[in-house]
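Taken together, the values in this text are just the output of simple stated rules run on the coordinates, not laboratory data. Keep in mind the model is a prediction, meaning the values are calculated, not measured. Using ideal geometry, Cβ is built from the backbone for each residue, glycine included, and neighbour counts are taken over all protein chains shown.
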């Protein structure tokens, strides 16, 4: 069993809160930190599978899970430009491998995607108070596990 530092533990908890499987998390820890850990060690940081998990990890898990569920826009696939970019990559690969049938299906999907065929978008105009512009408040989401780690770090007293 690998000896995990605080940063590793935060990474594991945040990843699990974002619905990554224990194997995916173990692979990500190896890629990110060069540290090999097993699925069982990762499972220890899942509150559903480890009833004796420290309260700070349970709290971080719940906070990150809530933030993840409330912020789908933090995911690349949520955005049309990202989806079209990935479709273009697949289309280029299909053309290079001369898989024209698949390339044609990708072109069709890209056309539907860019025409909002896969959404329930209703084109309408909305105005704010007295016909003015609608004011929007955008709150950035802390998607980086390091920000979560900083929030857990012990505060220095002066």
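When the alpha carbon gyration tensor of segment 6-70 is reduced to an equivalent ellipsoid, its three semi-axes come out at 18, 13, 10 angstrom, largest first.
Computed from the C-beta positions of residue 40 and residue 7, the FRET efficiency with R₀ = 25 Å rounds to 0.75. Across segment 76-122, the relative contact order, built from alpha-carbon pairs under 8 Å that are at least six residues apart, equals 33 percent.
Once a ≥ b ≥ c are taken as the square roots of the eigenvalues of the Cα gyration tensor of segment 76-122, is the result rounded (a/c under 1.5), prolate (a/b larger than b/c) or oblate (a/b not larger than b/c)? Oblate shape, in that a/c is at least 1.5 and b/c is the bigger or equal ratio.
On the basis of the beta-carbon distance and an R0 of 41 Å, residue 33 and residue 104 show a calculated FRET efficiency of 0.45. Among 72-84, 100-112, the peptide with the highest mean count of other Cβ atoms within 10 Å heads the list, and the full ranking is 100-112, 72-84.
Zone of residue 152 (label point 7 Å along Cα→Cβ, backbone N under 13 Å): which residues in segment 1-26? In segment 1-26, the label zone of residue 152 (backbone N under 13 Å from the point 7 Å along Cα→Cβ) covers 4-18.
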